[in-house]
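Before any comments, here is the structure.
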Amino acid sequence: MKTKLSGIARAIGAGALMLSVPAAMTAGVTPAMAATGDLDRAVSALRAIQTMQADFTQVGRGGQSVGGTMTLKRPGKIRFQYQKGVPMLIVSDGSRLTMLDYEVRQKQVWPVANSPLGALLDPGKDVARYGQIMPSGNPNVTSVKLKDPKHPEYGAITLIFRKKSGAPGGMELASWVAVDAQNNVTKVFLDNHRYGMAVSDSMFRYKDVTPAARRGR
């Protein structure tokens, strides 16, 4: 079960990393294509968050899922702590986004100076310039899609908000859906949101992976 779950986490962890596509790469959607009022409210709600924790469930291909806890702190810090038995970690310390797989002793690192998990991590980004409101069929739900039609290899990410009076800005990030260039879909659902707590910067440090031992000469 441990190997199976970590495999799921590796596959759908990549979906979480799609949020790190630089805003410049998600350009191509004109403001006229979006319902400006809804888009502005969604962006304002994100920018109103200073610290947040939420339980997350990631669902990958075939409906397999794995969960954990997401911790967010502005500017630029986030941690996806997977459930017990899944030796994976995704963390941004504000300058680099790192995905660690302790089972196979691998680490991948991306710069996040200009791509801090999209709208989630940088309240200064003009996300409204790149977002497109998608029909939801529910007046209490707002969906914002980010995609660069000139670069399909970047995939697409859709952030889904629901109205909630107790959330910053009156809207809560409920989930997101990431689709890569091969049309693999990753869904991430958030629940049990908590806002405004003290979060130490030590939360965004991590134990490095230990390189696999080399075989004898």
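Assorted remarks:
- Per-residue Karplus couplings for region 140-146, computed as 6.51 cos²θ - 1.76 cosθ + 1.60 with θ equal to phi - 60°, are listed in order as 9, 10, 10, 10, 10, 9, 10 Hz, Gly and Pro entered as x.
- Entries in Lys77/Lys147; Lys73/Lys163; Lys84/Lys207 that, when Cα-Cα distance is taken, lie over 18 Å: Lys77/Lys147; Lys73/Lys163
Since every read-out is calculated from the coordinates, none of them should be taken as a lab result. Bear in mind the structure is a predicted one, so any value in this text is a computation, not a measurement.
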